[in-house]
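Derivation of every value follows stated rules applied to the coordinates shown; laboratory data play no part. Fair warning: this is a prediction, and the values are worked out from it, not measured in the lab. FYI the Cβ positions are ideal-geometry reconstructions off the backbone, even for glycines, and counts take in every protein chain you see.
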Amino acid sequence: MRTPGRPASNGRKFEKVVTILERNGRRPARLIPILQAVQEEYRYLPQEVLTYVATALDVSPARVFGVATFYAHFAIQPKGKHLVRLCDGTACHVKDSLPILDAVRKRLGLEGKRQTTPDMLFTVETVACLGACGLAPVMVIDDQVHGQVTPETAVRLVEEVIAKEGQS
C-alpha cells in the first residue's frame with residue numbers, strides 16, 4: 001500500500017524527478033516550478049513523467065497535463081539539443097521571415113510538420129514575437145539573438161552550430 005502523495009517505487013527511472021519533487025516539498029501549489037525543472041532536465045515533459053508527477057502530488061493527471069499544455073513554455077514532444085526560433089510577428093513577417101524559415105528547414109531536412117531533426121540536434125519553431133522588432137527579421141538560436149537575418153545568414157548560423165557539433 002502506498003502513502004498518499006508518494007507513488008510506488010519506480011527505482012532509478014524517476015530518480016531525478018523525485019529529487020525535483022522533494023526540492024519543491026511535493027506541494028501541488030508548486031506544479032509549475034516542478035514542471036519547469038523537469039523540462040530543464042529532459043528538454044520536454046514526457047507523458048510518463050507527467051503521470052508520475054500527478055501521482056506524487058496526489059492530483060489528477062488531467063490537471064498536470066492541462067498545465068503542461070496550456071503554457072507555451074512547456075513542450076510535450078521531444079526537442080532537439082539546439083532550439084531555433086524564428087519570429088513571424090508583424091515586423092518580421094513584413095520583412096520576409098518566411099523565406100528564412102524555409103531555408104533553415106530545407107538545410108536541416110525538415111519536411112511537413114516535422115520540427116525536430118531525426119538526430120535530435122535541432123528543433124525549429126516559429127513564434128509570434130521575440131520582442132526585438134527593431135532588428136526584424138529576428139532568429140534566436142538557443143539564447144543568442146540574431147537580427148536582420150536573411151535566408152543565407154540563417155543557414156550559415158545553423159551550419160556554424162553543426163560544425164561545432166562535429167556533424168555534417
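Relative to the longest principal axis of the Cα atoms of the chain, the long axis of helix 31-42 lies at roughly 60 degrees. Would you mind checking the tilt of helix 47-57 against the longest principal axis of the Cα atoms of the chain, expressed as 0 to 90 degrees and rounded to 10? Orientation of helix 47-57: about 40 degrees from the principal axis. FRET efficiency for the Glu160 to Thr90 pair, using the beta carbon distance and R₀ = 41 Å, is estimated at 0.90. For Thr126, the amide hydrogen comes within under 5 Å of the amide hydrogens of Leu86, counting only partners 5 or more places away or on other chains and with H modelled in the peptide plane. Restricting attention to the chain, the count of lysine pairs at 8 or more positions apart or across chains with alpha carbons under 27 Å apart stands at 14. Only DSSP H runs of four or more residues enter the estimate; each adds -39500 (n - 2.57), and after division by the residues of the chain the mean residue ellipticity at 222 nm equals -13000 deg cm²/dmol.
Listed values for the stretch 59-67 are Karplus-derived 3J(HN,Hα) couplings in whole Hz (6.51 cos²θ - 1.76 cosθ + 1.60, θ = phi - 60°), namely 10, 6, x, 4, 5, 5, 5, x, 5, and x replaces Gly and Pro.
Backbone amide hydrogens, once placed in the peptide plane, bring Leu45 within less than 5 Å of Ala75, Ile76, Gln77, excluding anything fewer than 5 places away on its chain. Counted over the chain, the DSSP beta bridges are approximately 55% antiparallel. Here the stretch 82-165 carries DSSP beta bridges of which approximately 55% are antiparallel, counting only pairs with both residues inside.
Give a quick list of chymotrypsin sites (Phe, Trp or Tyr not before Pro) in the stretch 47-114 that DSSP marks as loop, anything other than H, G, I, E or B, with at most 14 other Cβ atoms within 10 Å. Walk me through the numbers before you get to the answer.
Working: sites: Tyr52, Phe65, Phe70, Tyr71, Phe74; in loops: Tyr71, Phe74.
The qualifying sites are Tyr71.
Left without a cysteine partner by the 4.7 Å Cβ rule in the chain: Cys129, Cys133. To the nearest 0.05, what FRET efficiency results for Arg23 and Arg114 with a Förster distance of 30 Å applied to their C-beta separation? Once the sixth-power term is evaluated, E becomes 0.30.
Per-residue 3J(HN,Hα) values for the stretch 111-126, derived from phi via the Karplus relation 6.51 cos²θ - 1.76 cosθ + 1.60 with θ = phi - 60°, read 10, x, 8, 4, 10, 10, 5, x, 7, 6, 7, 10, 10, 10, 10, 9 Hz in sequence order (x marks Gly and Pro). Close amide H contacts of Leu121 (hydrogens built in the peptide plane, cut-off under 5 Å, sequence separation of 5 or more or a different chain): Lys81. Working note: Karplus 6.51/-1.76/1.60 with θ = phi - 60° gives the stretch 92-108 the couplings 5, 4, 4, 9, 6, 6, 5, x, 5, 4, 4, 5, 5, 4, 5, 4, 8 Hz, where Gly and Pro are set to x.
Between the entries (1) 35, 20, 15; (2) 37, 17, 12; (3) 28, 17, 15, the label attached to semi-axes √(5λ) of the Cα gyration tensor in Å calculated for this structure is (2).
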